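Worksheet: the structure to be examined is printed underneath.
What follows draws every value from the coordinates through simple rules; no lab data is involved. This structure is a prediction, so every number in the text was calculated from the model and none was measured. Because the Cβ atoms are built from the backbone with ideal geometry, glycine has one as well, and the counts that use them run over all protein chains shown.
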Amino acid sequence: MQQRREKSPSLAWRGRRAIASAIDLRSDSAVSSNGVAAATLIPTPTKDLSSGASDDPPFGILYSENFTIRCYEVGTNKKASIQTIANLLQEVACNQVRTLGFSTDGFATTLSMRKHHLIWVTVRMHIEMDDYPNWGDAVQAQTWFQENRNGTRRDWLLKDVKTGLTLGRATSTWVMMNQETRRFARINEEIRGEYHQYALDPPRFSFPEDHATYKKHQLAKLENAEHHITGLKPRRADLDMNQHVNNVAYIGWMMESLPADIANSHELRGIILEFKQECKHDDCVESMAATFSPADQSGDEEHQFLHLLRLDGSSREINRGWTHWVKAKESSQQGA
Amino acid sequence: MEAAASRFFGSTISRDGPFGSGSLKCQHQHECSPVVQCMRDLVSSVPKLNGSRTHISSSESLKATIPNKSVAFKDYHGDVNDYIPLLAAAIIAVDKNKQQQEVSLRERSAQMKRGRLLENDLVYRQRFVIRSYEVGFDRLASIETLTNLFQETALNHVGMSDFVGDGLGTTHAMMRNGLIWVVTRMHIDVDRYPVWGDIVEIDSWIHGAGKNFIRRDFMVRDFTTGATVCRATSTWAMMNKSTRRLSKIPDDVFAEISPYFLDRHVMEDDACQKIVKLDDTAMYVQKNLVPRLHDMDMNQHVNNVKYIGWVLESVPQALLVAHELMSMTLEYRRECAASDIVTSLTSPAPSESSVAAMSNLKELGPPDIGNPVITTKGSLHYTHLLRMQDSGCEILRGRTVWRLKERFSSSS
């Protein structure tokens, strides 16, 4: 026996590894204890992401869930709207933290966070979509978070289940805020210790090119905007579990000020939102947009806009934004 | 129902969502390593081994030397060179098997987005998980969420039948006649609202209602407990696509759809009390409601569910902390285009003369969780109207009944 091993150790080892990987690739499928849609641990293809080890991280750090696009989530072009995508990103993030044991009241807090009245708030969100899913498509949303200088950065990857193609990527930055004083808070070791073990380390970024420079990507504040709309009020359905306007509602408001022909004939390729101030249900919001033209702007094929949302009649910013539109390939506008 | 679920999902009684791929466990169970199993299969099927022509008999002799179940693979004492190609072939076969399973798993997941047909293929059943963004500030799913799920269930039901597949449930005969379905009435009775993470199971079927209407009924149950969540019925008529006028159901269309009728009613028809048309004397008025960009559905109309949101916009918000919607009746009169501006009116129903129902809650401001407004222990009745702001044309009439939420009604 000893002799056989010495003859070809590398071959036997490689053989065992090959068998192991062939069998175990689909091993971990987790069922949450409270009957929620199952989370599946699927190894991330490393070619999509910049750095990071090729070994799979422990369970719970990478969380993945499948969603089917429902009929009311698609827009006039029969594809899922960006609000649907943003909702699914939020849903998979909420489900991950619920699986990890954070609070389920919508604030995703840990024990010591609640002791200090701290909640997570998002300050920036960046979504890029290569393609949108259609009604009935199954979409796999994978999410994880990693530590940042002052908080965490949560990344997502969206794939089509049937074809395996990547539909889009997203990233967001989160900091802690004191619920009572509404001021940002530093994270001390006690608090960090409660979520630190679920953060992906070494980090992997959905936008590797963005990571080094994201701090410099502060969007400019608009002063005079060519597109302008006022009187936007939050609806009942825009309020989330915490009675603040849900982040996704801001996306709709940002796009309201754009001319309808652009919104209908183009597809949203990328969107960045920088959240400055939260919005209550009785606020009235003004949405402004201005064309942002980099040097290689050409005709009607692509448009980029800078956006600003602010309280009607005041200069208090709620949100800054940037959108990138690309002309839709087939203009399938079928009448009913 | 549990037995049906287990039949559907195979041996695992799954508490998972209807389309989480983790809910489908691999069906093959191996007593020994899959590689060894594969090797045995290979040996018995492949006539050629090690580059030399061999017959079945020699492969059988080789098979005799392959360890059986009772001998562990590591105790095999044969020549290394014999089993390297077998090992390689086995690995390839296992990998291919896994890939095929993955493909069929994906296909099955793709199919599982839809539910299944029961009872002679007349009842359609589908499960949904309530998502976090579908619940309101009180953590309960909103009535819009439930109505959206009805819409999805109905469309998936007709998707399973041999209809045109345009997303509207049009049959071939309807297309020939230039007709489309349009909803004229909707009635929902809610027993218990689901919360984030709940799995609901919706059953839906259709039955005739006279010569000109059909009814689609919905029965929603909590999948985990089996308790009824809500029941709903909707009335549908035919409308001419170009003239936008209601029309009778032609005989050929009726012949196409009547095989799908199931004569079962999810609720008794209420005596169809006439809903009063409100005017400017209504107690609560909300103006300047406009369809937003994403309110348009795939058919470029304002989605039916958005009307519900507008109806509830004019309900005094302070009511919403302690009260929940028990039942809602909507009568659709006219559709709304993207460029219309809508006014929503609400008034306490005149038939309910309780003092509390007449009290004006307008001044009480936004819902305050810490300070619930409770005016009466009984139910509150309201009448609603949606109309075009400019022309005054009626879009829909509604009636709602509200009751105290469970946690408020038990106290004192």
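Some points to look at:
- Listing A:Cys279, A:Cys94, B:Cys393 from fewest to most neighbouring C-beta atoms within 10 Å gives B:Cys393, A:Cys94, A:Cys279.
- Residues B:His265, B:His187, ranked from the fewest to the most other C-beta atoms within 10 Å, line up as B:His265, B:His187.
- Pairs beyond 22 Å (Cα-Cα), from A:Lys79/A:Lys233; B:Lys248/B:Lys306; A:Lys233/B:Lys306; A:Lys159/A:Lys329; B:Lys211/B:Lys241: A:Lys79/A:Lys233; B:Lys248/B:Lys306
- Among the residues of A:232-240, the average count of other protein chain beta-carbon atoms within 10 Å of the residue beta-carbon is 5.
- Residue exposure proxy: B:Ser161, B:Ser242, ordered by other Cβ atoms within 10 angstrom of their Cβ from fewest to most, comes out as B:Ser242, B:Ser161.
- Neighbouring Cβ atoms from other chains, within 10 Å of the Cβ of residues in A:136-142, number 3 on average.
- Computed from backbone phi with θ = phi - 60° and the Karplus coefficients 6.51, -1.76 and 1.60, the 3J(HN,Hα) list for segment A:317-329 is 6, 9, 7, 10, x, 9, 10, 10, 10, 10, 4, 5, 5 Hz; x is used for glycine and proline.
- Cα-Cα separations in segment A:121-171 greater than 12 Å, expressed as whole percent: 65 percent
- Seen from A:Leu100, the other residues with C-beta closer than 13 Å to its C-beta sum to a net charge of +1, counting Lys and Arg as +1 and Asp and Glu as -1.
- Order by protection proxy (mean Cβ within 10 Å, highest first), peptides B:205-218, A:179-192, A:220-233: B:205-218, A:220-233, A:179-192
- Note: segment A:227-331, Cα convex hull, 109 Å³ per residue.
- Within segment B:273-316: backbone nitrogen closer than 18 Å to the A:Asp282 label point (7 Å, Cα to C-beta): B:284-287, B:313-316
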